[in-house]
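Asker: Sharing a structure here in structure tokens format.
Derivation of every value follows stated rules applied to the coordinates shown; laboratory data play no part. The model shown is predicted, which means the values in this text are computed figures rather than measured ones. Neighbour counts are summed over all protein chains in view; Cβ atoms, including those assigned to glycine, are modelled from backbone coordinates with ideal geometry.
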């Protein structure tokens with residue numbers, strides 16, 4: 001395994017099965033990324049729900065230059081299977097407070113990258129700590145060109161998703177700190 005396929009995850013997280021692991025008939029690649037979060041899992045989960053409106057990565061690349069929101073948007077927490085997230089994904093399944101699982105919507109993206117599914121899992125570690133684990137699955141490459149594409153895509157995804165996970169971690173931690181400060185001044 002290389003850092004392009006496995007970044008920031010524990011061996012226990014790697015061994016765990018996630019909802020996206022069962023969505024493809026012939027899954028190939030499995031990439032994983034993970035970060036520690038200084039906030040409870042429920043706070044983190046609400047930030048993951050905000051993928052409905054923005055990708056929280058490098059906005060100049062994948063959000064047409066618009067900044068991803070830095071404040072909670074409660075309407076994004078109302079989830080339904082089939083909703084669009086980050087313009088190219090469809091919500092496949094979810095358990096509030098635990099995971100959101102997506103499939104790349106058919107179109108140009110799937111023609112370029114193949115069928116891709118992913119799960120963002122929010123895992124409690126303690127009362128004020130959690131983990132954000134992302135698991136990405138793609139179809140098994142059927143040609144040498146597709147295998148090369150997937151290797152390159154893994155590196156590009158690492159750069160983008162690392163930024164995304166670190167941004168969400170920081171925003172969730174900031175919200176937790178603001179809440180703690182508000183409670184202590186009462």
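Asker: Of the residues that sit in region 120-129 and are touching a residue at least 60 places away in the same chain (Cβ under 8 Å) and surrounded by fewer than 20 Cβ atoms within 10 Å (Cβ to Cβ), which one is farthest from the chain's Cα centre (by Cα)?
Answerer: First pass over region 120-129, keeping only residues touching a residue at least 60 places away in the same chain (Cβ under 8 Å): 120-125, 127-129.
Filter once more, keeping what is surrounded by fewer than 20 Cβ atoms within 10 Å (Cβ to Cβ): 123-125, 127-129.
Working: 123: 13, 124: 16, 125: 18, 127: 22, 128: 20, 129: 18 Å.
Filtering region 120-129 for residues that are touching a residue at least 60 places away in the same chain (Cβ under 8 Å) and surrounded by fewer than 20 Cβ atoms within 10 Å (Cβ to Cβ), the one farthest from the chain's Cα centre (by Cα) comes out as 127.
Asker: Considering every residue within region 93-106, establish whether at least one is more than 17 Å from the chain's Cα centre (by Cα) and either in a helix (DSSP H, G or I) or within 24 Å of residue 17 (Cα to Cα) (or both).
Answerer: Taking region 93-106 as the starting set, the residues that turn out to be more than 17 Å from the chain's Cα centre (by Cα) are 106.
Cutting the leftovers down to either in a helix (DSSP H, G or I) or within 24 Å of residue 17 (Cα to Cα) (or both) gives us none.
Checked against the condition, which is being more than 17 Å from the chain's Cα centre (by Cα) and either in a helix (DSSP H, G or I) or within 24 Å of residue 17 (Cα to Cα) (or both), region 93-106 yields no hits at all.
Asker: Also, I was wondering about something else. Have a look at 112, 135, 117 and point out the one that is surrounded by fewer than 13 Cβ atoms within 10 Å (Cβ to Cβ) and either assigned to a strand (DSSP E or B) or in contact with a helix residue (DSSP H, G or I) (Cβ under 9 Å, 6 or more places away or on another chain) (or both).
Answerer: Working: 135 fails: surrounded by fewer than 13 Cβ atoms within 10 Å (Cβ to Cβ); 117 fails: surrounded by fewer than 13 Cβ atoms within 10 Å (Cβ to Cβ).
The conditions single out 112.
Asker: Applying the selection to region 138-153, what residues are touching a residue at least 12 places away in the same chain (Cβ under 8 Å) and either in a helix (DSSP H, G or I) or surrounded by fewer than 19 Cβ atoms within 10 Å (Cβ to Cβ) (or both)?
Answerer: Narrowing region 138-153 to residues touching a residue at least 12 places away in the same chain (Cβ under 8 Å): 138-141, 146, 149-151, 153.
Hits for region 138-153 are 140, 141, 146, 149, 150, 151, 153.
Each row is one residue, and each column tells you yes or no for (1) within 23 Å of residue 152 (Cβ to Cβ); (2) within 14 Å of the chain's Cα centre (by Cα); (3) in contact (Cβ under 8 Å) with a residue 60 or more places away in the chain.
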position: 7; (1), (2), (3): yes, yes, yes
position: 10; (1), (2), (3): no, no, no
position: 13; (1), (2), (3): no, no, yes
position: 17; (1), (2), (3): no, no, no
position: 24; (1), (2), (3): yes, no, yes
position: 29; (1), (2), (3): yes, no, yes
position: 47; (1), (2), (3): no, yes, yes
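Asker: Scan 82, 156 and give me the residue that is surrounded by fewer than 16 Cβ atoms within 10 Å (Cβ to Cβ), more than 16 Å from the chain's Cα centre (by Cα) and free of Cβ contacts under 8 Å to residues at least 60 places away in the same chain.
Answerer: Working: 156 fails: more than 16 Å from the chain's Cα centre (by Cα).
Result of the check over 82, 156: 82.
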